[in-house]
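Remarks on the structure that follows.
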Amino acid sequence: MSDQPVRYELRDRISTITIDRPEARNALNRAVREGLWAAFRSFVDDDDALVAILTATGDKVFCAGADLKEMSVTGLQVPPLDFVPQLGRNLMTDKPVIAAINGLAYAGGFALAQMCDLCVAADTAKFAITEAKWSRGAPWAAPLPWMIPPRVALELLLTAEPIDAHRAHEIGLVNRVVPLEHLQQEARALATRIAQNAPLSVRAGKRMVYAAAERLRSESFDEAERIFEPVYKSEDAQEGPRAFLEKRAPVWRKR
């Protein structure tokens, strides 16, 4: 059993957050939840960290959801809003987060995959909202009909049956599907590509997409202009064309 159920590593401006409780299907017991909070806060607070990858140990299960044994013992009813980090709800960051799904992502595991901005899945991965099987709730799935067709969201919620990685890719829940042995390499390559871009532009792009989801089409244009105006006025906005002219890699200063 791991002494650290969640591991955090920062290398080359990319943070890797790893759930490391494979003996319990990486289930979200208290130690894992606290570890996730600590890891994500480290990522959010670290100015050197530009992109994060959320993944798990093992080749079969990303996260099976809440620890039902612990839940039964504690008699948990309505989970508190800070039960787990939920990006965009109880933990805000405009830095991109990539889910690297190495196996089953059920219930709370599905929630963790859903909250990330991008998702790379192993071809062995499966996704399910299993709460209906145990008379539990999935309020965290409220954004799902924005991400995938509403009837597919309904099917997931009502049947509690899993879909495989290829179906998840087909409906837009997953960005890329790769063989399991290439998962971490693919996720890191995607993170590296993002980290090479101008941080202010990347973060504004993320903010714009989520802002547009909450507004009418005409309002989205106005909000997008507001979000990107400081990017246009930044030093980095001058550095980009200058680097192109001088035929060199840009040096981003995030200002």
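Read the figures in this text as sums done on the coordinates, not as results from a lab. The structure presented is a predicted model; accordingly, all values stated were derived computationally and were not measured. Positions of Cβ are backbone-derived with ideal geometry, glycine not excepted, and every protein chain shown enters the neighbour counts.
Worth pointing out:
- Extension gain, Arg11-Glu229: 0.36 nm per intervening residue step, less the Cα-Cα distance, totals 75.4 nm.
- The lysines whose alpha-carbon is closer than 17 Å to the alpha-carbon of Lys95, local same-chain residues fewer than 8 away aside, are Lys206, Lys254.
- Nonlocal amide H pairs with Ala66, under 5 Å, H built at 1.01 Å: Leu28, Gly108, Gly109
- Using only side-chain charges placed at the Cβ, +1 for Lys and Arg and -1 for Asp and Glu, the dipole size of the chain relative to its Cα centre rounds to 200 debye.
- In sequence order, segment 227-244 has phi-based couplings of 5, 8, 4, x, 5, 4, 8, 7, 5, 4, 5, 8, 5, x, x, 5, 5, 4 Hz under the Karplus curve 6.51 cos²θ - 1.76 cosθ + 1.60, θ = phi - 60°, and Gly or Pro positions carry x.
- In order along segment 52-61, phi translates into HN-Hα couplings of 10, 10, 9, 9, 8, 7, x, 10, 10, 10 Hz, rounded to whole numbers, per the Karplus curve 6.51 cos²θ - 1.76 cosθ + 1.60 with θ = phi - 60° and x for Gly and Pro.
- Net charge of Cβ neighbours under 12 Å - reference Ile129; Lys, Arg +1; Asp, Glu -1: 0
- Segment 183-246 and segment 1-47 have Cα centres spaced 27 Å apart.
- Relative contact order (%) - segment 199-245, alpha-carbon pairs under 8 angstrom, separation at least six: 38
- Relative packing of peptides 32-39, 208-215, 248-255 - highest average C-beta neighbours within 10 Å first: 32-39, 208-215, 248-255
- When only the Cβ of Lys, Arg, Asp and Glu is charged (+1, +1, -1, -1), the dipole of segment 143-217 relative to its Cα centre reaches about 560 debye.
- For Asp123, distant residues with modelled amide H under 5 Å away: Val178, Leu180
- Added length on full extension, which subtracts the Cα-Cα distance from 0.36 nm per residue, Gln77 to Asp164: 28.3 nm
- Antiparallel bridges, percent of DSSP beta bridges restricted to the chain (to nearest 5): 25
- Farthest toward the positive end of the dipole of segment 189-241, out of Leu190, Tyr232, Val202, is the Cα of Leu190, where the dipole comes from beta carbon charges about the Cα centre.
- Calculated from backbone phi, Karplus (6.51, -1.76, 1.60) coupling profile of segment 4-18 in Hz, x at Gly/Pro: 10, x, 9, 10, 10, 9, 10, 9, 6, 6, 10, 8, 10, 10, 10
- 5 angstrom amide H check on Ile53, placed H, neighbours 5+ away: Ser15, Thr16, Ile17, Ile98
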